[in-house]
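The values are calculated or read from the model by the stated rules, or taken from the named source; none is laboratory data. All values derive from a computational prediction rather than experimental measurement. Backbone-built Cβ (ideal geometry, glycine too); neighbour counts: all protein chains shown.
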Amino acid sequence: MTMSPAEEKEIIERIVCFGEKDLFRRLVEENASMILNMIVRMTGNSEDARDIAQEAFVKAYFSLGKYRGESSFSTWLYTIAYNRALSSLRKRRRFFPREKFTDRELAEGESLFEDSGEEVSRKRSMERKYDLIDSAFEKLSPSEKFLVGAFYRDGRSIKEISGITGLSVSNIKVRLHRLRARIGELIEKTEYCNDGYTG
């Protein structure tokens, strides 16, 4: 059962003001899956994602007194995790292998390239769609994967993503539009090449 903002606020106050540290576990359990999934999409590596998520929760715990409730707690936590993931990727100076889309992402995949005028034939199998979307997603950078995942998979609003990334609302809209078009083009190119074109 999802925790209400009032419940989150009460728990945070009890931790910060009364030292009830054990309650932080409830906040972790409430948000762990969301945070881990986001980091896995960015890094493409489950083991590294778990380490980064752990670092993010530790940082959140020691920064809890700075949380002012100006955004939802999950958005605040998302911001910390996003920055930890980017920092880790910069330090390693490499991109990790891809992580496949989930079934939910696949079902929503059509919307990723509607604006670019591309459509996946209704007659193609789900596995075919899975492979096409996954292949296109593989070619995105970690920050691009975050934008696509946060908006389409996690349902974060553009305003929330702006608060998390520090990008302007208009910048995010432009990037998402370009990413939709780019994914559509990549899918079209993959289909074209796989249909037997030999030049």
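Only residues that are of a type outside the set (A, V, I, L, M), assigned to a helix (DSSP H, G or I), modelled with pLDDT of 90 or more and surrounded by fewer than 17 Cβ atoms within 10 Å (Cβ to Cβ) were counted in segment 148-199, giving 6.
Within the set A32, A6, A56, the sole residue that is part of a helix (DSSP H, G or I) and surrounded by 19 or more Cβ atoms within 10 Å (Cβ to Cβ) turns out to be A56. Confirm whether E119 is of a type outside the set (F, W, Y) and at pLDDT below 85. The answer is yes for E119.
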